[in-house]
There are 2 protein chains.
Amino acid sequence: MDLRTPKGTTDYPPAHALLYEEIVNKTVEIFKVYGAQPIDTPIFELKEILLNKYGEDTKLIYDLKGETCALRYDLTVPFSRYMAMNRLKKIKRYQIGKVFRRDQPSITKGRLREFIQADFDIAGDGLPMVVDAEILSCVHRLLEMYNIGPFVIKISDRRILMAILKVAGVQENDFGTICSTIDKIDKLSKEDLNKEFTSKGLSSKQIEEINRYISYKNEDILEFLKNDKIIEECREAVGDLERLLKYTKIYGCSSIEINLSLARGLEYYTGLIIEAEYIGTAVGSVIGGGRYDNLIDGLSNKDKVPCAGFSVGISRIFSLLSSTKTSETEVFVSCSGGLFLEERMAILNTLWGNKIKAETFYTKRYNLKEHKETCVKKGIKWLVVVGQQEVEKKAVKLIEVEKDQHEEILLEDLVKKINN
Amino acid sequence: MDLRTPKGTTDYPPAHALLYEEIVNKTVEIFKVYGAQPIDTPIFELKEILLNKYGEDTKLIYDLKGETCALRYDLTVPFSRYMAMNRLKKIKRYQIGKVFRRDQPSITKGRLREFIQADFDIAGDGLPMVVDAEILSCVHRLLEMYNIGPFVIKISDRRILMAILKVAGVQENDFGTICSTIDKIDKLSKEDLNKEFTSKGLSSKQIEEINRYISYKNEDILEFLKNDKIIEECREAVGDLERLLKYTKIYGCSSIEINLSLARGLEYYTGLIIEAEYIGTAVGSVIGGGRYDNLIDGLSNKDKVPCAGFSVGISRIFSLLSSTKTSETEVFVSCSGGLFLEERMAILNTLWGNKIKAETFYTKRYNLKEHKETCVKKGIKWLVVVGQQEVEKKAVKLIEVEKDQHEEILLEDLVKKINN
């Protein structure tokens, strides 16, 4: 029997699962600091909900057999469906869960078919760029908190990208597919990129025009746009970005950089787009997001609910951290000169009742030296040893493993001693 | 467009999601007190792994289209696959996650197609009933911790059930299907139960014989078995249960009750079986489990790894608790006599930087009275008001909403004040 996990999926052994738990808990803490509320939605959605949302990536969706359902591809569309279904117009919510993409998996690039995303979104009307600035502030604080190293938060505006395509004379029908190609700028060589543009029907003049904008990298990028013919097509977006930079300065966000090559393949973005990465790492973007003002409206045809938010690729954050801790146990209960099974049970019961993390062994065979090694390996601080002499005195031997110090301690004092 | 969630699934709005979060966190805390380590496995498994594990319920498994995969039905079989795949022989692990059963959903009975289980299992050799007693101790502590009311932990042993069937002359091939029927004793009337037995080929004499055992309810159940002809077929199991009761007494587990009608439909149990419920509630069993010594061996054909454990039906625990809290926000930042947008941003940045949960509003329109109401509704303790006078003094007005007391406080003292 094939005992592997399905293609593109993996198990998380204790050391990994504990690190995941820690990353998720710390992420939730920051989300709550920003006043966000959790929601949860099913792992699968009616298939219809997921259609026409992900551009060329729609083919990566997993369908359920004999059902009109499909596994969710992200948490953004289910969130929008939740808002539309309940006719909600305002929320700041977070959601953490697995999403599924039937992509070509690559362990080295941290790309799996099943992975964990942590999403933070703000829905509702607001003054220009106020929500967008808060989104970036939260992104910035998370990236600092993970403490992985220097990072950059690349931002752009979908409206500027549209202006570039318009100025280059790209047909509006082709915007989606050309965006998908621009999105690959970091993955493809310049040659391959241009080849893909050509295959999608662009002339060399059009390609040159697009490249002139998307490869512009200086700091005065907004000035460049303002002094270019393109400004007629994107005056509002450029003004919004200026305002955004003013606000994010108040929020103390350094490391923000405008990058016009940012495209993001997903069809639903309408304004700000965001991609953040830790500099010099192999996994690429760890947070992505932006503004999607029409997604909820597109589902319900009733309410226009402006939204902006982002997803943290928890699995990618994980791959940049190292996991060493395998257990949180504080006490191991051993014995000497006999099994003292029932005495050990009574001690465990006292420790557990006081919320002290404790374990013992279950076998007939016992070996104090081996138990000491278990403590060292698992990082267990205390080793309790039960023996005849101690039982008679209603006491135990307590060993502080790291210091290899031991003392006799009365049972009634054990909890107090360990908690100190 | 149909905006509902798929049949048998549901969304969790903030009040529900926060309660889920709390239940899960408290459950994990107890699991860790018992020294358990987390693992995580994929949402779907190779289909082959899930076959022949769930008796008649195998038909309830969701398949993925175009893949040889299926959504997991529980967390026990994936855990066993993990153990077999990695050739592990010993672990105490927990895992919490969604599982999927294409069953007829019933909201009132808390039965959904997607629901959350929290599993705790101990794998590895051990002295008789030591692990089993620890499993029951953990079940008992969880049921106390949820603080829902009086509960009963029903236990039995699969070997006694087999003995009953043998004594009644049931063919060994039919054991599985007859167990499935016995498992329904609490759901069906006696008449319907007997009808189902008959339809599965049992004679009225056989039915009478089975009923004589499974409906025996007195406290001296082990004495009854010891003095019955059946003891020849289940001497070891009865001895084990006696030992188990001695150990669980040391662990302070009251509320344990032997119940011979306990069958549990799943095919993989080999010894102890457990079902716990809160007395007088409608949702039925909230924890189920037992010993499954052959499951890992059956997958790998290599290593016999004895295992026992249980699943907490987190969704059922949820349905027995009431959720009121919708947010954990501590501070709402409002204004008076002007928007003071950038001043509010600066205040938020200070609060967020100090991990104080805070939010503001984003619109052009503002209404202090409305913001006060928001605080009351969401349980937000503090309302910070920014006005011209305060800005000039580098201060804010701080309102303790519940007491409706306000004071002027310097910006530099705000964090300290709120944290006190």
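Taken together, the values in this text are just the output of simple stated rules run on the coordinates, not laboratory data. In this text, all values refer to a predicted model and were calculated from it rather than measured experimentally. Cβ: placed from backbone, ideal geometry, glycine included. Neighbour counts: every protein chain shown.
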Pseudo-spin-label distance A:K355 to A:D103, built 7 Å along Cα→Cβ, given in nm, is 4.1
Among all the aspartates and glutamates, which ones have a C-alpha under 20 Å from B:K187's C-alpha, if same-chain residues fewer than 8 places away are not counted?
B:E56, B:D57, B:D103, B:E196, B:E208, B:E257, B:E267, B:E275, B:E277
Sequence-distant residues sharing a close amide H with B:K65 (under 5 Å, placed H)
A:D63, A:L64, A:K65
Per-residue HN-Hα couplings for region A:9-17, Karplus 6.51 cos²θ - 1.76 cosθ + 1.60 at θ = phi - 60°, whole Hz, x for Gly and Pro?
10, 8, 8, 10, x, x, 4, 6, 5
Report, in whole Å, the centroid distance computed from the Cα atoms of region A:162-238 and region B:173-240.
75
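Add +1 for every Lys or Arg and -1 for every Asp or Glu among the other residues with Cβ under 9 Å from the Cβ of B:Q117, and state the total.
Here the count lands on -1.
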Label geometry 7 Å along the beta-carbon vector: B:K184 inter-copy distances in nm
5.6
How big is the C-alpha Rg of region B:173-236 next to the rule-of-thumb value 2.2 N^0.38 Å, as a ratio?
1.20
Along region B:405-420, Karplus-curve 3J(HN,Hα) (6.51, -1.76, 1.60; θ = phi - 60°) to the nearest Hz, with x for Gly and Pro, reads 9, 10, 9, 8, 9, 5, 3, 5, 9, 4, 4, 4, 4, 5, 6, 6
Honestly the protein assembly as shown on the Cα gyration tensor test (a ≥ b ≥ c root eigenvalues; a/c under 1.5 rounded, otherwise a/b vs b/c for prolate or oblate) is just prolate
Let me confirm one metric for peptide B:383-391, namely the mean number of other chain beta-carbon atoms within 10 Å of its residues' beta-carbons.
0
Averaged over B:19-27, how many beta carbons belonging to a partner chain fall within 10 Å of each residue's beta carbon?
1
Axis proximity, chain A to B: residue whose C-beta lies nearest, plus whole-Å distance
A:K65, 2
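Cβ neighbours within 10 Å, averaged per peptide: list A:410-418, B:391-399 in order, most packed at the top. It would help to have the intermediate numbers written out before the result.
Working: A:410-418: 14.7, B:391-399: 16.8.
Packing order, densest peptide first, comes out as B:391-399, A:410-418.
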At 222 nm, what helix-only mean residue ellipticity would chain B give, in deg cm²/dmol to the nearest 500, using -39500 (n - 2.57) for each DSSP H run of four or more?
-12000 deg cm²/dmol
Hey, what did chain A get for relative contact order, percent, Cα under 8 Å, at least 6 apart?
17
Selection from A:C253, B:Q405, A:W382, by position along the positive dipole direction of the protein assembly as shown (Cβ)
A:C253
Provide an ascending nm list, one decimal, of label-point separations from A:G201 to the equivalent residue in each further copy; define each label point as 7 Å from Cα along Cα→Cβ.
6.7
What is the calculated FRET efficiency for A:S215 to A:K304, with r their C-beta to C-beta distance and R₀ = 51 Å, to the nearest 0.05?
0.90
Can you tell me the orientation of helix B:130-146 relative to chain B, as the angle in degrees between its alpha-carbon axis and the longest Cα principal axis, to the nearest 10?
40
Work out, step by step, the length gained on full extension between A:K394 and A:T281: first 0.36 nm times the residue separation, then minus their alpha carbon distance; give nm to one decimal.
35.0 nm
The helix B:368-378 Cα axis meets the longest alpha-carbon principal axis of chain B at an angle in degrees, between 0 and 90 and rounded to 10, of 20
HN-Hα couplings for region A:46-62 via Karplus (6.51, -1.76, 1.60; θ = phi - 60°), in whole Hz with x for Gly/Pro, come out as 4, 4, 3, 4, 8, 6, 6, 10, 10, x, 5, 7, 4, 5, 8, 7, 7
Out of residues 5 or more away from B:T360 or on other chains, whose amide H comes under 5 Å of its own, with H placed 1.01 Å from N in the peptide plane?
B:V333
How many angstrom lie between the C-alpha centres of region A:79-150 and region B:279-325?
32
With no solvent and one point per C-alpha, what does the Debye sum give as log10 I(q)/I(0) for region A:1-155 at q = 0.08 Å⁻¹?
-0.28
Convex hull volume of region A:39-84 per residue (C-alpha atoms, cubic angstrom):
69
Residue by residue through B:28-34, how many Cβ atoms from other chains fall within 10 Å of the Cβ on average?
5
Filter A:K26/A:K89; B:K7/B:K325; A:K32/B:K325 down to the pairs with a C-alpha to C-alpha distance above 22 Å, please.
A:K26/A:K89; B:K7/B:K325
Based on the mean of other beta carbon atoms within 10 Å per residue, what is the order of B:48-56, A:42-50, A:136-144, most packed first?
A:136-144, A:42-50, B:48-56
Among residues other than A:Q389 whose Cβ falls under 12 Å from its Cβ, what is the net charge (Lys/Arg +1, Asp/Glu -1)?
0
Rounded to the nearest whole number, the per residue volume of the convex hull around the C-alpha atoms of chain A in Å³ is 202
Give me the angle, in degrees from 0 to 90, between the Cα long axis of helix B:76-85 and the longest principal axis of the Cα atoms of chain B, rounded to the nearest 10.
80
So, in nm and shortest first, the distances from A:L410 to its counterparts in the other copies, with label points 7 Å along Cα→Cβ, work out as 5.2
